[in-house]
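Structure record follows, encoded as structure tokens.
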């Protein structure tokens, strides 16, 4: 049967002396197979990944897996514990404002070791390349950590490096997030734009194979960079590694029932990857919609006021249809309108809207997919 | 037809020099009648009152009223504008922590003028008492404002005194609030425990005739105190004044459609009071539930974790049934349970639950009515 | 030699599963003597108490004490760890807005056990009364904790009850705080208005013998209430217990050097109480100033703007002299003044001013002692 | 005499309906001359620029200038007005976490108009180039604003574009900031590394001629890009434009007296630029220290605790000397040290330290200049 081990990694000593820690759960099957790393709650208000993980753990307790899983349910204790009012202000570091999911390291960028590695492994088998490259990544990460900590460890950056190290040895990285009031959707790199269908999301945003600081990018960039180095040597290399950001609906809530459905997406995917043996958790979707990053558009509030969000996550909206209205009773009795309407500029699918009705002029109120295709 | 006038009252100059202001909308009918004061958004995240007011204004534009309405849609600009992350931290002053609805003044408490007034008016008609007492209240409020501002005006207390002055001349005061994730419910003073049924709320919390700092109490206490003074002179005086706190569901959202239903409660009430002529907005409810303040109970989180709130606002829950579970994956692989259940200690009606799943041990997670009666 | 033991008391499990804890340091001398409880950092931004405690611990490691000391350097981990921007928002619960030092329990208020105790101990010796009353207090606190936790433990109130229990068995309670930008000063109860001179503070605010929710009051109220019960039985009882709030200057900073001077105040006091044997840490002050709570006045900002605080903590200011100016460049070119002056209404000693120059109209900018006497 | 005009530009409608605005003060001399734009308080807690501006305005009221000054004392009302506790959380957008001084637009980056402009103006006089290029910049900014607002105006980005437009027509841009607890220092671009001495700062950080989102960079990048385009056409072009970030000491305070000294730096500089006629405000400094950005180093807290910052802004510290100690009394009685020392890794000048003693492990505690030169 599977061997399940857990450990706690201390990450941040607080001013009062207590130290926050990360729980790491490792599940190893008796047989060889691919390895998958799953983390959740990097943003502190995004809890639903924990409901998904609960069901994955439940499954792994009673079913043999091949290969291994590493699961980190609460990747960012400091963010998870930061409350203001009743809500969790977990999107950015309350100290610095840095988005918690934008400070990962692009440690292989232009690194000379990659060129050397490519040269030395030009004729190696894919399996051998994968395995020795992972070792290189772990080494480079250790050096990066040392380099970056000579004047003390920057809390934010070091934390991200710890997570990168924990994930570096894996074939698959799944980073579980949520948006505000949102549909479920997936971020996939361009090189995974077909393969991503295996994860069975209705909505898929295809991002460039470049680095903007997030975990999925931080995980795939070393492989993109390796492919580039091989290309320079005229070798076509297919990246064996996959990483995705899974957006599991709305923030600030969990639902175990929804989490079961969410886990089925992942279990079906793990089956396709050969990590689990059972299948049939989910019917394949009839339609999956994709769009490019630049077609994942934001609407901004044309005025300050109280917004009612008519267009709901997942809905198809036609150009000119109403997205929301704003109510501004301080305009009563003046020439300005008490109610203003915000209309769709183009046909779109609603993905996310703001979590609060009270909105400052210019705040982001909607995120939508335009120019989507199947 | 009705005469509708509006004015802006400046209330707080901000550090950058701009001044926030309150909009006051006055509606006077051609004929005499009672007067009703309605304010909303004293807590910054509690928006639904604005949706109710929108429909009241709509009604008043096309229907004659008798008497007058004064409407303040956004009673607390500083609270409304205070955002953290996407949410509105509008429950307490971000500077001091003071709950915005607990710093009203109990300016008639033990005030010698009341005794004198009672003596002088012992034989006056009820109408005469009401009218001359309102004049006294306005005078006392002006004195209170002067007294309290000799070293500068405390932002919080002065703001509340402004609102008290704006409301002092009215026969009815309705303060529109919401709770977190909540049913609609009403706070009514003991002396209004029968009359409150006119407002047609399913759930009604009966509070003592005493002062805890809130607007409804601040509005009725002068009348309770007058009754006490008359009592000392052996006169039984029935308080002609009514004030209520209306809780209009959940915070951080507005719904014009729900607001229409909410406005029907108030319009039907205004009909019963003689301020409007039409009725039939709402069927009387078959059942209205009441409980005493001390039976409006809070549950606190037995541990830190991610809570799924099973029991929903408005539900009747039996002793021993599940309210919520907490998920704590850091317990995985330890002796502690990953899932803990919170059960009802007694039969209850769910009124409100916490707006976030991520909860620190000891946070308030539920508010319920116990020992309720019809 | 002294026996020093330490323990950690877990107090709040955070959403991520880690639990914050309180460190308790107990120091017992070989010989009998009075007992003193010292806590610091109940408000999270008030650190200087830790510097004082550092030197007390240093002293206790090399000098015999008589009786015992209990020291809790960081009484409120949740408050200490709550950062916004670079600052510590530790004055009130970020969840509820409740001032952390206003939710202690007045558990002996009107409690029938006190009457019984007074009757039963009317002829007992002072020593016997003190000892058996402390036992009663511990029992009542345990009952209070049980009673208050039947629906889960309210984080805030339960935390305060834990601290009250830890302090209940002691003869002296010192609660170490700081203000914003402040002089050092002391809060002492009326019944201690002479005895408080032993603590050697230049500035002393004499508070009523009543309960407003703070630790010093929570600690002395059971003794005030006992005195009242004895009084009803015609027994004059001198309260053997003392509790004080020590304000150690400005928040958000520590200074070990200043902390050494601060510790000398406490060591000299402990000498006078018979807990330590050495004296001469400090010369007695030539002048100590006192005023009543109602003469501890606040000034509020007459307008929003940038304030320069001319009058510094500890200064004597005459009526009409300048306290501060506000700079408001948005008034430039208008009829309003760019610079406004705030003048003293009466002669006063400056105790505290606001920590930021940017101020909303009506914010508290100064706290001063008026009608002070020596 | 000078002509002084003022206007208010509305920038953000708040949820309650009030609109925050920016005050623009324009001062035009009778005679031609260069133009200088000065803004302050882009970060909300950085007030001292207003004290400097106060004295510049005072000067301009009684002394003829040549050319013009535009002054925006409070560039970011939303940031200035955002208070938490007593402090101003004005470093980043409380809604999104974005640093207010990192979202300016690099609107000329790779823009084809620049190539065309360079070709068309290859033989034009420097004066003509400067004037017609400024016109081009204003046009490009208008297009950028239009382009970026098709789905509504992103509050943050649009605000920055407004400021860029207000500054685009000027020869000099001075952006007034402060750091935490800091010395006065200057950020200057590489191409200004000699000229910057005219501003008479002791401490000067030389940044690359590249864009990282800040105002000074946003202002000089169009000129750097123009120079690059001319270079491609083999024309050596000396940039006539200058922009700097002036760091005026510590945040959250103003001092008019210090502001007078600060204004003397700027007045002397304006004299050197030919905008004012008087000189002699300041003696030239004997020594000015410079270092490259990569030598402007940060130290991070090695552990959580209470820090006392021994090394003060402006001090020269030798390698191995003490910067700070941390006090952690929760270590008392354990193997871990109660006091830890943070030592300098290299010789350095202290520029800035953290504003709070209570620090989470990994927080930035010091910023220092290394490898400085004169």
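The values are calculated or read from the model by the stated rules, or taken from the named source; none is laboratory data. Just so it is clear, the model here is predicted, and its values are computed rather than measured. Because the Cβ atoms are built from the backbone with ideal geometry, glycine has one as well, and the counts that use them run over all protein chains shown.
Observations on the structure shown:
- Qualifying residues in segment C:247-286 (those that are part of a loop (DSSP other than H, G, I, E, B) and under 30 Å from residue D:77 (Cα atoms)) - the one farthest from the other protein chains (Cβ to nearest Cβ): C:251
- Residues of segment A:5-42 classified as part of a strand (DSSP E or B) and either touching a helix residue (DSSP H, G or I) at 6+ places or on another chain (Cβ under 6 Å) or more than 7 Å from every other protein chain (Cβ to nearest Cβ) (or both), total: 25
- Residue list for segment A:334-347, restricted to those being surrounded by fewer than 16 Cβ atoms within 10 Å (Cβ to Cβ) and either within 13 Å of residue A:309 (Cβ to Cβ) or more than 10 Å from chain D (Cβ to nearest Cβ) (or both): A:335, A:337, A:339, A:341, A:343
- Subset tally (residues that are buried (at least 21 other Cβ atoms within 10 Å of the Cβ) and more than 14 Å from chain D (Cβ to nearest Cβ)) for segment A:142-162: 0
- Among the residues of segment C:203-225, those identified as assigned to a loop (DSSP other than H, G, I, E, B) and within 14 Å of the chain's Cα centre (by Cα) are C:211, C:212, C:213, C:214.
- Any hit, segment D:58-65, residues being at pLDDT 95 or above and within 23 Å of residue D:241 (Cβ to Cβ): yes
- Filtering segment D:302-323 to residues that are touching a residue at least 24 places away in the same chain (Cβ under 8 Å) and assigned to a loop (DSSP other than H, G, I, E, B) leaves D:302, D:303, D:304, D:311, D:312, D:313, D:314, D:315, D:318, D:319, D:320.
- From the list C:326, C:330, the lone residue that is farther than 30 Å from residue C:68 by Cα and assigned to a helix (DSSP H, G or I) is C:330.
- Residue C:50 vs. criteria in the same structural domain as residue C:257 (by TED's automatic domain parsing), over 21 Å from the mean Cα position of the chain (by Cα) and either in a loop (DSSP other than H, G, I, E, B) or crowded, with 18+ Cβ neighbours inside 10 Å (or both): no
Each row is one residue, and each column tells you yes or no for (1) in the same structural domain as residue C:45 (by TED's automatic domain parsing); (2) within 21 Å of the chain's Cα centre (by Cα); (3) farther than 30 Å from residue B:13 by Cα; (4) at pLDDT below 95.
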position	(1), (2), (3), (4)
C:256	yes, yes, yes, no
C:260	yes, yes, yes, no
C:263	yes, yes, yes, no
C:269	yes, yes, yes, no
C:272	yes, yes, yes, no
C:275	yes, yes, yes, no
C:291	no, yes, yes, no
C:303	no, no, no, no
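- Selection count, segment A:348-372, where residues are more than 8 Å from every other protein chain (Cβ to nearest Cβ) and either on the phi > 0 side of the Ramachandran plot or out of contact with any strand residue (DSSP E or B) (no Cβ under 6 Å at 6 or more places or on another chain) (or both): 1
- Screening segment C:355-374 for residues that are in contact with a helix residue (DSSP H, G or I) (Cβ under 8 Å, 6 or more places away or on another chain) and closer than 16 Å to residue D:252 by Cβ and picking the one that is surrounded by the most Cβ atoms within 10 Å (Cβ to Cβ) gives C:358.
- Odd one out for residue A:83, checked against (1) within 14 Å of chain D (Cβ to nearest Cβ); (2) under 25 Å from the mean Cα position of the chain (by Cα); (3) surrounded by fewer than 19 Cβ atoms within 10 Å (Cβ to Cβ): (3)
- Check on residue D:285, within 29 Å of residue D:208 (Cβ to Cβ), buried (at least 23 other Cβ atoms within 10 Å of the Cβ) and touching a residue at least 12 places away in the same chain (Cβ under 8 Å): no
- Residue in segment B:309-324 that is nearest to the chain's Cα centre (by Cα), counting only those that are closer than 22 Å to residue A:47 by Cα and surrounded by fewer than 20 Cβ atoms within 10 Å (Cβ to Cβ): B:312
- Taken across segment D:287-301, residues that are assigned to a loop (DSSP other than H, G, I, E, B) and within 14 Å of chain A (Cβ to nearest Cβ) do occur, with at least one present.
- Check on residue C:191, without any contact (Cβ under 8 Å) to a residue 60 or more places away in the chain and either out of contact with any helix residue (DSSP H, G or I) (no Cβ under 9 Å at 6 or more places or on another chain) or part of a helix (DSSP H, G or I) (or both): yes
- Cβ-Cβ distances below 6 Å connect the following pairs, each with a first residue in segment D:57-75 that is within 30 Å of residue D:157 (Cβ to Cβ), a second residue that is assigned to a loop (DSSP other than H, G, I, E, B), and a separation of six or more residues or different chains: D:74/B:16; D:74/D:41; D:75/D:41; D:75/D:42.
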